[in-house]
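A short reminder: the numbers here are calculations on the coordinates, not readings from a lab. Everything numeric here is computed off the predicted structure, so don't read it as measured data. Here the Cβ is made from the backbone with ideal geometry for all residues, glycine too, and neighbour counts use every protein chain on show.
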Amino acid sequence: MNLTVRPGAGGARAGLDPRRLPMTALGVLFLAVMLFPVYWMVNSSLQSSSGATTRDWLPLDATLSGYAKAISEQGQNFVTSLLIALGTVVLTLVVATPAAYGLSRFRSRGASTFVLVLLITQMIPAMVIANALYPLFNQLYLINNVFGLILANTAAGIPFAVLLMRAFMGSIPRALVEAAMVDGAGQLRAFLSIVVPISKNAIVTAALFTFLSAWSDFLFALTLTSTPEVRPITLGIYDYISANTQDWDTVMATAVLASIPAALLLIFAQRYIAAGAVAGAVK
Amino acid sequence: MTSAHLSLTVAAGERRTILWTRLLRRATPWLFSLPAVVFVAMFFGYPIVQNVVMSFQEYTTSTFYSGAAPWVGLANYATILSSYLFTTTLVNTALFTVGSITFQFVIGLALALFFKRAFPLSGFLRSMLLLPWLIPLIASSAVWKWLLDQESGALNQFLGLFGVPAVPWLVDPTLALAGVIGVNIWLGIPFNVAILYSGLQAVPKELYEAGSLDGATGWKAFRHITWPNLRPVVSVVIVLGVVYTLKVVDIILGLTGGGPANSTQTLATNAYNKSFVEFNFGEGAAISNVLIVVSLVFALVYLYLSRREPSE
């Protein structure tokens, strides 16, 4: 698996051809249509809900009152979401990285069966899992529990993380690992000192996607919590919209804040995102 | 102790060490994977088995207090299959899936072909297109619920400019499913573009050069060069799309909650309602099992297709 983004066909030369500027204009138009809902989210988060029923197309009378209310009502939930997402990333990497290495380096019938199982688990609806997890978590006192949600999200994140990192680790030359072992390093040392540093990019990609999916998790949050104490931000948004609130500036401000991780990743980690998108399907 | 005896014990000890090392070496791959295997067994294996068990039980709120879950045989299945809702949810699920996939794919392919022709900023615009895919689904649902709002939504505000009266997108039982499908199409386009674009990049450029010598350009080039070479990626995108669409709960619960009058209720949202609103986990499990069978059929199709084709 190639983890870098390949430049477009025709390369940079065609990409800079000014005669193709009409294509750029068309591209901007398509993007504008696709991203309009995102624009509208930001736009209405900046306009007060009191007064007119419709919103202006531009936030000329911008106010941050929606954000003030979003932070005062949902601040705690943001912290909860952050804890869950970070906990999930750590636990997923600790479990998935060695597994990815084990599966890429030691080929056996058992290993390929497990890879097949991982592929299938990605297709099992989370609803099905939640249905059986609730009774189990209820017995283990993991309902309304941050750690319970970390466990559930980790389980959901492991298959993708393992498959993604395994694809990369399979391309590490065997000789490199074996050289370290000739020098006296054990399997674990060779893994930690050779494989992990080389696989940095794949590990970062896995971490970013795990973070995003745990941060966006709605279903486990919905089914495995019931009290206001442990309430991820996705549930905060759901509570607003299922109550048919007309306080759209607060709802949209919350949605904007909940989308910040996605926006940051798209700006600062673009190459990882594109790599992960493709890896998800091509394995 | 004789020296012969001593050397024998040493040999035995050595053999034991060799055996032990060999065993350890054999086990090493599994030691690396063990935690992941445990997780998968606990969070995928156990729930699947447990769902099958629960689907034959009367498993309700009282079970949580008393621990009693009487066996009821096939009663849960009989109840859900004979319910008028089951046909509705099945039809809705099919319409939701087919509608979403068709448009996601066609629009996604068109955009991927468009972005394949490099132009200034094409890389940047293409990556910005991924944004809707990365935003939490429930946040997108909130935005769309607001956009499609009958009184004050931006869509009706826009259509109003052309004199179109306010459309009750999500509150009219005949329109709600189409509305929900529309939102899901929007959500799925970025993923389709990303995968199809990378598939297009993998088609050897020489084929187009050779083709253009034979006069294969434009539509002809697409039909005879692009499409046949893209086929494996197309099958994967479509089957994955189906499997992901079957799972969708966030969007529907966020936009309509399955209503109005169950017009947007699918297998997945119905399973949620049975278990987590009515607290009838037995019937919820039965619906879940129907859902899982449908998903697995498509999962197998996916595996078959992705095995048959070279994976890179």
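Overview of results
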quantity	calculated
Neighbour-count order for B:K220, B:K274, B:K116, fewest beta carbons within 10 angstrom listed first	B:K220, B:K116, B:K274
For B:N280, residues with placed amide H under 5 Å, excluding near neighbours	B:S275
Convex hull volume per residue for the range A:144-283, taking Cα atoms only, in Å³	129
Values of log10 I(q)/I(0), in the order q = 0.27, 0.31, 0.34 Å⁻¹, for the range B:242-284 under a Debye, Cα-only, solvent-free model	-0.95, -1.08, -1.13
Sequence of B:M54, B:M42, A:M23 once ranked by neighbouring C-beta atoms within 10 Å, starting from the fewest	B:M42, A:M23, B:M54
Calculated [θ] (222 nm, deg cm²/dmol) that DSSP helices of n ≥ 4 give over chain A, each run adding -39,500 (n - 2.57)	-23500 deg cm²/dmol
Of the DSSP H helices in chain B, those whose Cα atoms cover at least 27 Å axially and whose Kyte score averages 1.6 or more	none
Environment charge of B:S33, counting only residues whose C-beta is closer than 12 Å and scoring Lys/Arg +1, Asp/Glu -1	+2
Net charge, A:A221 excluded, C-beta distance under 14 Å - Lys, Arg +1, Asp, Glu -1	-3
Computed over chain A, Cα set: Rg, Dmax in Å	22.7, 75
Expected 222 nm ellipticity per residue - DSSP helices of 4 or more, -39500 (n - 2.57), all of chain B, to 500	-23000 deg cm²/dmol
Convex hull volume per residue for the range B:194-312, taking Cα atoms only, in Å³	133
Label-point separation, A:A68 to B:R25 (7 Å along Cα→Cβ), nm	7.1
Equivalent ellipsoid, the protein assembly as shown (semi-axes from 5 times Cα gyration tensor eigenvalues, Å)	42, 34, 24
10 Å binning of all Cα-Cα separations within chain B, expressed as whole percents from 0 upward	5, 18, 23, 21, 15, 9, 5, 3, 1, 0, 0
Cα pair count fraction exceeding 18 Å, expressed as % - the range B:20-140	78
Under 16 Å from B:K145, Cα to Cα: aspartates and glutamates that are on another chain or at least 8 residues apart	A:D239, A:D247, A:D249, B:D172, B:D250
Residue order, fewest to most beta carbons within 10 Å, for B:R16, B:R126, A:R20	B:R16, A:R20, B:R126
